[in-house]
1. Quick one: length gained pulling Arg78 to Ala140 fully straight, 0.36 nm per residue minus the C-alpha distance?
2. So if the hydrodynamic radius of the chain is defined as the Kirkwood radius over C-alpha pairs, what does Stokes-Einstein give as its diffusion coefficient at 20 °C and 1.002 mPa s, in µm² per second?
3. Can you list the residues, at least 5 places off or on another chain, whose amide H is less than 5 Å from the amide H of Thr5, using H built in the peptide plane?
4. Which whole-Hz couplings ³J(HN,Hα) result when phi for each residue of the range 79-86 is put into the Karplus expression 6.51 cos²θ - 1.76 cosθ + 1.60, θ = phi - 60°, listed in order with x for Gly and Pro?
5. Per the 1.4 Å probe, what fraction of the accessible area of the chain, in percent, lies on carbon and sulfur atoms?
6. Excluding ligands, DNA and RNA, what is the solvent-accessible area per residue of the chain at a probe of 1.4 Å, expressed in Å²?
Amino acid sequence: GELRTLRLPGPLGTPQLAASQGVAGYRGGPEGLYVHLTGGSAWLRTDPASGTVARPAPYLHEANARLVDWSTAADGTRTDFRLQGHAPIVFSLANARGCQVRADQRAIAPERTAPATAGTDVLAYRLTHAAAQIQLQCPAR
């Protein structure tokens, strides 16, 4: 399938990324959460109580490009993904403070810190090209 983002009604809770498959992240919106899928199929587990995790793993908060590849190391310290768009890429990562982010093998710094929502720390990045291989390397959590 071509669908890579779906809307999750608020009463269903917050995606539990560690217990889900094929889910890269999510972002809150006025009508619920927008969940970013890594491919044509996914298995999503939610927590209706929206409980917080002591040290939540980083995830894709939003992007203006299509997510065409996503892989995370079993220990959670490294995530590789590819974004493909039609304009310079703008994306943000949640819970990635303290992680090193690289685009096409070059270290990049966040452009800004996006407004936090529900206690989520979000870092925004802007690239000059419309496609990039992104690598997120984080210390053990």
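1. Between Arg78 and Ala140, full extension yields an extra 21.4 nm.
2. 141
3. Leu37
4. With the stated coefficients, the range 79-86 comes to 10, 10, 8, 10, 10, 10, x, 10 Hz.
5. 52
6. On a per-residue basis, 56 Å².
The values are calculated or read from the model by the stated rules, or taken from the named source; none is laboratory data. These numbers come from a predicted model, not from an experiment. Accessible surface is based on the protein model in full, side chains and every heavy atom, while ligands, DNA and RNA are left aside. Shrake-Rupley method; radii C 1.70, N 1.55, O 1.52, S 1.80 Å.
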